[in-house]
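Data block below; observations after.
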Amino acid sequence: MTLVVSEQVTKALQSNSPIVALETAVLTAGLPRTQWNDSFGSCPSCIDEALPINWALAKAMTHAVASTGAIAVWIGMLRGKFIIGLTQDELHELAHDETATKVSYATFANAMRQKQSSGTTVAATLLGCKLANPDNPIRVFATGGIGGIHQNWANRLDVSADLTALATTPTCVVASGAKSILDLHATVEALETIGVPILGMQCDRFPTFIENSGALDPKIACASSIEELANTCNIHWHTLHLKSAVLAGVPVPNTVALDRGSLEEALAQAEHAWLETGMPSITRTPYLLEALAEITSGASLIANIELLCNNARIAGQLAVTLSG
Ligand code: PSU
Ligand code: MN
């Protein structure tokens, strides 16, 4: 058996208890495995500075979900097993495994055959939400930012399989939009094409991950409360019987947001440097995230951590509302 659904998840789905899926690519490929370093600035209060940053974040997101009364369900691949509902020990092993990178739809089967351990992207985690129970999938999933259509797509087509998964999985993804390293207008257009409603949480511009959105960012519909978001989800899936995802866009908390546009030049340089490496496209996002942390002397890391914890909490509230 290479697919494992934990008993807790099976029971929670049967009893319609609130649960929130969490992706592990953010742990294996999105954040450092080193401890907090004071050169980054002061450590966000939601994480334990004595632990490796990615592991501290895993604990903090679990706590943020639990604080709402929902259950955190980590999804990932450990030694070739696709596990929906990793135990604390399994999650610890994955977060500390230096060989673990990220798997998405296209790389999953091969990595599984080779019994690798790997974090799952939004796409692969959405697959887990569906496989947990095809008749009654996990309905809420929290992450930092979704993948989408990369810039300069006319020269080199690079479209994340996250979009493929969002088109075919009836789960609400709670995320801070997508990184400005993507072509955000093209990404939002593609989400419209594949039938994914986007609702900004008390905002009407597509959130741009760790940056404040600006007037030129894509305009989206606004939800003023969790209840409004939950109602839209219910209508989308249960009245209209649509099978696509709903995307909830939560802006990065104001106190840690970076100024929109301030990263543009540095990102263009990092993008260019990545192209020169000749590495496969799956390494593009992790490479750019690492470069960003360096360029911003840690400010991007602080914003990333804070938004991940905030999104986990809001996803927990949504799960509680949907199950009520
Ligand atoms: N956004 C982040 N950090 C990340 C990712 C996105 O801020 O680590 C990851 C997510 O797991 C997302 C994936 O699903 O990158 C998209 O990768 P790709 O473009 O290779 O599909
Ligand atoms: Mn890609």
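Key figures
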| quantity | calculated |
| --- | --- |
| 1.4 Å probe accessible area per residue over the stretch 44-110, in Å² | 42 Å² |
| Estimated inter-spin distance, residue 156 and residue 35, nm [label 7 Å along Cα→Cβ] | 3.8 nm |
| Among 123, 145, 60 - extreme Cα towards positive end, dipole of the stretch 27-164, charges at beta-carbon | 123 |
| Average accessible area per residue (Å²) across the stretch 209-299 - probe 1.4 Å, nucleic acids and ligands excluded | 52 Å² |
| Normalised contact order of the stretch 141-225, rounded percent, pairs of Cα under 8 Å and 6 or more residues apart | 29 percent |
| The stretch 1-96: relative contact order as a whole-number percent, Cα under 8 Å and 6+ apart | 39 percent |
| Karplus 3J(HN,Hα) series, Hz, for the stretch 206-216 with 6.51 cos²θ - 1.76 cosθ + 1.60 (x for Gly, Pro) | 4, x, 10, 6, 7, 9, 5, 6, x, 5, 8 |
| Kyte-Doolittle mean at least -1.0 and Cα axial length at least 15 Å: DSSP H helices in the chain | 53-66, 264-277, 284-295, 299-323 |
| Net charge contributed by nearby residues that have their C-beta within less than 10 Å of residue 126 (K/R +1, D/E -1) | -1 |
| Cross-link table 11/179; 11/59; 115/179; 102/179; 179/243; 59/219, entries beyond 29 Å C-alpha to C-alpha | 11/179; 115/179; 59/219 |
| Cβ-defined net charge surrounding residue 237, 9 Å radius [Lys, Arg +1; Asp, Glu -1] | +2 |
| Cα centre as origin, Lys/Arg/Asp/Glu Cβ charges: the chain dipole, Debye | 940 debye |
| Pair residue 92, residue 17: separation of 7 Å Cα→Cβ label points (nm) | 2.2 nm |
| Ranked order, 68, 120, 99 - accessible area, probe 1.4 Å, largest first | 99, 68, 120 |
| Extreme residue, positive dipole direction of the chain, given options 218, 304, 324 (C-beta unit charges) | 324 |
| Rounded percent of accessible protein surface that carbon and sulfur make up, the chain, 1.4 Å probe | 53 percent |
| Cβ-based charge dipole, the stretch 1-147, positive-most Cα from 80, 92, 21 | 80 |
| Spin-label zone in the stretch 191-225 - amide nitrogen under 17 Å from a point set 7 Å from the Cα of residue 231 along the C-beta vector | 198-203, 221-225 |
| Point-charge dipole on Cβ atoms (K/R +1, D/E -1) for the stretch 1-92, about Cα centre, debye to 20 | 260 debye |
| Cβ charges +1 (Lys, Arg) and -1 (Asp, Glu), total dipole of the stretch 95-170, debye | 120 debye |
| Antiparallel DSSP beta bridges within the chain, percent to nearest 5 | 30 percent |
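The values are calculated or read from the model by the stated rules, or taken from the named source; none is laboratory data. These figures come from a predicted structure and were not determined experimentally. A quick note on method: Cβ atoms are made from the backbone with ideal geometry, for glycine too, and the neighbour counts reach across all protein chains shown. Heavy atoms of the whole protein, side chains included, go into the accessibility calculation; ligands, DNA and RNA do not. Shrake-Rupley method; radii C 1.70, N 1.55, O 1.52, S 1.80 Å.
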